[in-house]
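Heads up, the thing below is written out as structure tokens.
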Amino acid sequence: MLRQVLHRGLRTCFSRLGHFIASHPVFFASAPVLISILLGASFSRYQVEESVEHLLAPQHSLAKIERNLVNSLFPVNRSKHRLYSDLQTPGRYGRVIVTSYQKANMLDQHHTDLILKLHTAVTKIQVPRPGFNYTFAHICVLNNDKTCIVDDIVHVLEELKNARATNRTNFAITYPITHLKDGRAVYNGHQLGGVTVHSKDRVKSAEAIQLTYYLQSINSLNDMVAERWESSFCDTVKLFQKSNSKVKIYPYTSSSLREDFQKTSRVSERYLVTSLILVVTMAILCCSMQDCVRSKPWLGLLGLVTISLATLTAAGIINLTGGKYNSTFLGVPFVMLGHGLYGTFEMLSSWRKTREDQHVKERTAEVYADSMLSFSLTTAMYLVTFGIGASPFTNIEAARIFCCNSCIAILFNYLYVLSFYGSSLVFTGYIENNYQHSIFCRKVPKPEVLQEKPAWYRFLLTARFSEETAEGEEANTYESHLLVCFLKRYYCDWITNTYVKPFVVLFYLIYISFALMGYLQVSEGSDLSNIVATATQTIEYTTAHQKYFNNYSPVIGFYIYESIEYWNSSVQEDVLEYTKGFVRISWFESYLNYLRKLNVSTDLPKKNFTDMLRNSFLKAPQFSHFQEDIIFSKKYNDEVDVVASRMFLVAKTMETNREELYDLLETLRRLSVTSKVKFIVFNPSFVYMDRYASSLGAPLHNSCISALFLLFFSAFLVADSLINVWITLTVVSVEFGVIGFMTLWKVELDCISVLCLIYGINYTIDNCAPLLSTFVLGKDFTRTKWVKNALEVHGVAILQSYLCYIVGLFPLAAVPSNLTCTLFRCLFLIAFVTFFHCFAILPVILTFLPPSKKKRKEKKNPENREEIECVEMVDIDSTRVVDQITTV
């Protein structure tokens, strides 16, 4: 009883609101436009987010704490010889992979000279500044002797070239660790790719070589020069590629990921314009009909204008509050399109059900009472689900600001549909009541006047006047609309046919089977190449790197941050045990082997061990650079203590995929908790992977919970709580199918796909809730009858919004970007699966599942009986015709 009272009260409130807006249409039409223009002017403060880590790395993660600890113990300016794979911070750098189209050996004489020539060209790059030209020597990371640090593979190639020049045949390169002529053991696992080895790890050939050039960025001027050097670096490499066509060169810099991420917005512009043109065309066609008076093409266009004004207002507010644009915002217009178009088409559908002899204000009031309650509830669902995603509970910044922007846009879209679109409906209503042409606003002549006009004139001004409409046919004046006619005369009878239902059920079982198969293969995707434009430096470099340099994992720093008994042999064995199974690029094992060769016991007193350690750094040149990996602390009695140390590890692997690296990270972390020695492990890529799965799923998880709670509490607002039960089951079925099929379509569960799944919850409710509500609340007829009635009432709006949405999505599939590819596939699946449920699954399942629609049987009594009056008419040929008139 309470639900019915609340339901009627809300309908009355919306009816009065509609009447009020119809009384002041000019104000409610102009106010949203003025607000949008004022807020849209804030685009003069338009800013683009530069930090990809800020957007896509979890905001609260253990990896960031570990990075701060590592930076405090071993600052970058101290790590001059240990810059493998950007061990602590990406910084500024230029990187290049050199390979051959014919899989040639990059270590032969020709390619060695070519690579050294490229190295020379890179080191001579100049960045002009007022009064000075900066070269690599001015901005490089410096060694202890004030010379630039370059990759050890350059020294290897130079020694190889000298060996060939002097006809030395005893020079050999080993893999993954080789020795230079100064005795240093250097790791080349990430510098030699596609390696073929002889016995004892001697390199026979290498299909690719990678060079890295590290730059300083200690202040703003230095950082600006380094950024320009990176740009010149790419230009130099591309120029070198043109003059040496037999080799393939893949450049990459610290700015490549950011530039390629934002490149999606630039390459999408013309496709979005195409999408807009298609949607406008389809919206106008969907609102048009042969009757030139009752046709509403302007409302199709004004519905899109309403959505555009709301999006512009939201963008203005984001700009004014200091928000920054990023490429994930490309999905916001499509979120708005799905919700806004259905709301406007539902209002138009309600307008068709009103009586034409009513005043425009009364018709508008009925439209608001009929359509605004469901539209308000679905808008509330959008605000709650995206609001939870915009809360601090969301750990991925890109997801949080996307949800925040969507919330603002949806809120203003709701307000503008109430005001701007409602006013537009009032204006077109007056045009209709005055029998004016829906496009040209010209008075339509009477039929007798039209008969004297040319055929083309009669075709353009075809209309049905009220005098031509019988009293019982008034409700059918809009049946000339193509979609209305299609649903009412053909589709509703076909989908509820007894022979069609088994095939629909079979298709649903097939749908569930394939969805389950995909659901069991879901994988989280944290690969950053999934969010950038295709045919870019990031994609090409990443592909080449995975092809040639997949034998070893990224270099992982192993940091011991306590003072332990390094001189104790048992502690040494413990440390070596923890790193068992890795290739150790470290001072620790090498130094112990050095002491053993000298027949020196490692189980020494503390002072003797530290003294010998320091002396070894001075006397053994091959260990001089390892001093960077140990932190000494001098106490008051001149005793020296080792307070922290580090070593570097790489894991032998067949494929350096993210899941494998994530499992490795979790394994080492669990080991650090249970081990006797306090240590941490770190690599910059851990910042993106750390708790990525839980951070990624949190917005979707929270949104699902909030949606369920809202559905539960809204049960008190709807007339029947069974509506919410059906909505919940439908949402579960749609989301399950979307997740399964997007996995089969090779879409991983990343930031973009999770945002689409949150939208999918709301899109399903948007389209299915009115359909289910009409069916559940129906009385006195069979289930089949109410299924047909629900499709006739709401099916046109669903079909119109679906057609506009789909034609708007298709250009998105052609955008050369992985981000938009993921966006298209997810949104297309959401729209298609929801459409499949609305027009196939639900109409069939509802015909044989609750609620029951038993027809009440009336008792036959004298007061309630059928009276039949028969009139016999006889024609000339004595043919008898009996006309029965039945009165109940």
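The fraction of accessible area contributed by carbon and sulfur in segment 340-471 is 62 percent, rounded to a whole number (1.4 Å probe; ligands and nucleic acids excluded).
Please give the charge dipole size of segment 166-218, origin at the Cα centre, charges +1 on K and R Cβ atoms and -1 on D and E Cβ atoms. Round to the nearest 20 debye. The partial results should precede the final answer.
Working: 6 positive and 3 negative charges, 45 e Å.
With only Lys, Arg, Asp and Glu charged at Cβ, the dipole is about 220 debye.
When a 1.4 Å probe is rolled over the protein heavy atoms, the share of accessible surface on segment 118-185 that falls to carbon and sulfur comes to 52 percent. Per-residue 3J(HN,Hα) values for segment 447-456, derived from phi via the Karplus relation 6.51 cos²θ - 1.76 cosθ + 1.60 with θ = phi - 60°, read x, 5, 6, 5, 4, 8, 8, x, 5, 5 Hz in sequence order (x marks Gly and Pro).
Could you run the Debye sum over the Cα atoms of segment 124-237, one equal point scatterer each and no solvent, and tell me log10 of I(q)/I(0) at q = 0.15 Å⁻¹, two decimals? Log10 I(q)/I(0), no solvent term: -0.79. Of the trypsin sites (Lys or Arg not before Pro) found in segment 767-815, the ones in coil according to DSSP and having at most 14 other Cβ atoms within 10 Å of their Cβ are 779.
Too long at a 32 Å Cα-Cα cut-off: which of 64/676; 443/779; 324/746; 248/652? Write down the numbers at each step before the final one.
Working: 64/676 24 Å; 443/779 43 Å; 324/746 30 Å; 248/652 27 Å.
Violating the 32 Å limit, Cα to Cα: 443/779.
In debye, nearest 20, what is the charge dipole magnitude of segment 278-369 about its Cα centre with +1 on Lys and Arg Cβ and -1 on Asp and Glu Cβ, if you could check? Each step should come with its number before you reach the end.
Working: 8 positive and 6 negative charges, 22 e Å.
Charge dipole of segment 278-369: 100 debye, to the nearest 20.
Assigning unit charges at the beta carbon (Lys, Arg +1; Asp, Glu -1) and nothing else, what dipole magnitude in debye, to the nearest 20, does segment 92-225 show about its Cα centre?
140
Taking amide hydrogens as placed 1.01 Å from N in the peptide plane, the amide H of residue 134 sits under 5 Å from those of 127, 129, each at least 5 positions away in sequence or on another chain. Here's how it looks for residue 177: its modeled amide H is under 5 Å from those of 188, which are all 5 or more places away or on a different chain.
The values are calculated or read from the model by the stated rules, or taken from the named source; none is laboratory data. Since this is a predicted model, take the numbers as computed values, not measurements. When we count neighbours, we look across all protein chains shown, and the Cβ atoms used for this are built from the backbone with ideal geometry, even at glycine. Surface accessibility is based on the protein's heavy atoms, side chains included, excluding ligands, DNA and RNA. Shrake-Rupley method; radii C 1.70, N 1.55, O 1.52, S 1.80 Å.
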